[in-house]
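Only one structure is covered here, and it is reproduced in the block below.
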Amino acid sequence: MSLPSFTASGDLPPGIYRATLAEVLERFGSGSPQRMLVGLRLERVYNVAWATGHLARCVVFGSFVTAKLPPMMSMSFS
């Protein structure tokens, strides 16, 4: 599933979207040095969680999944 376009306010439309880590990093992990840094951090944390063998899903939210140039990232693992 491809991620939808941003709304006029720079957010994703309301909803839950399935995406691979590569899709998330391609869409949200570029465009500014801060986005690249946060994207690398997400990739490291995801890989550590995945290596445990107990990761069922990773939810990424916060300004990282918006059009904001200096994003922050929030994650939830289960």
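Derivation of every value follows stated rules applied to the coordinates shown; laboratory data play no part. Note that this is a predicted model, so its numbers are computed, not measured. In this analysis, Cβ positions are derived from the backbone assuming ideal geometry, glycine residues included, and neighbour counts consider all displayed protein chains.
Please return the longest range in the chain lying between exposed loop sites, taking trypsin sites (Lys or Arg not before Pro), DSSP loop only, at most 13 other beta-carbon atoms within 10 Å, and leaving the sites out.
Details: sites that count: R18, R57.
The longest uninterrupted stretch comes out as 19-56.
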Give me the angle, in degrees from 0 to 90, between the Cα long axis of helix 33-51 and the longest principal axis of the Cα atoms of the chain, rounded to the nearest 10.
30
Choice from G53, G15, G62 with maximal GNM fluctuation in the chain (Cα, 10 Å cutoff)
G15
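How large is the dipole of the chain about the Cα centre if only Lys and Arg carry +1 and Asp and Glu carry -1, each at its Cβ, rounded to the nearest 20 debye? List each step's numbers first, then the result.
Details: 7 positive and 4 negative charges, 22 e Å.
So the magnitude is around 100 debye.
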Under the 7 Å Cα-to-Cβ spin-label approximation, S76 and L21 lie apart by a distance in nanometres of 2.1
Report the one residue of L25, L12, C58 whose Cα lies farthest in the direction of the positive end of the charge dipole of the chain (charges on C-beta: Lys and Arg +1, Asp and Glu -1; origin at the Cα centre).
C58
